[in-house]
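Down below is the structure, laid out as structure tokens.
No lab work stands behind these numbers, since they all come straight from the coordinates. A quick note: this is a predicted structure, and the numbers were derived from the prediction, not measured. Reconstructed Cβ throughout: ideal geometry from the backbone, glycine too, with neighbour counts over all protein chains shown.
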């Protein structure tokens, strides 16, 4: 086995390591006679760019107002890189599985499937995957000021809430996504759903999200 791979495996097996922090702190590997640090490479002048739907999703995945040198940095260095698996019973999907899910949703049993964009409404309205609905991740957590949105979100998912008890008898099979493999919106939504008891086998996750979808030329639509 190559020494570089051995070093990586050793780092990933450290006691209680938070793998999401590895791209930030870096992973050192031996490559021949030198040590290489694997990390997210961010141009310092691109560190303080505003993270919003207009700047991220413009021409070539970054708005025309961003400098050419920052465009790739901006799209590839945001957020926190997520693991491949969020839960042992939750499947992680790629583009072909998402297309198959959409096909089933539109033709096989539309009442049983939901493609869920977990981002805030302004992101959803700017650009999303066709047939997706918007349930922002924070609407799945009770908030005294937004009770209507909270109950509507779970009702949309087929969940009945009565006197603080959740009934998942008619819970839909859902596929959640957000901006990309570095986006925390859909993972946070999934975490909340698991906490209230949503059946994990009815949850799917498209880790690549909008970034991966657009990078292979698949159709995106603008809601507004």
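Across every pair of non-identical alpha carbons in region 91-215, the mean reciprocal distance, once inverted, gives a Kirkwood radius of 14.6 Å.
In this label model, residue 125 and residue 201 are separated by 4.0 nm, measuring between points 7 Å along each Cα→Cβ vector. Placing R0 at 25 angstrom, the Cβ-Cβ distance between residue 170 and residue 194 gives a FRET efficiency of 0.85 after rounding to 0.05. Projecting label points 7 angstrom from Cα along Cα→Cβ for residue 35 and residue 218 puts them 4.1 nm apart. Rounded to the nearest 0.05, the FRET efficiency derived from the C-beta distance between residue 149 and residue 106 at R0 = 22 Å is 0.25. Fewest-first ordering of 138, 117 by other beta carbons within 10 Å of each residue's beta carbon gives 138, 117.
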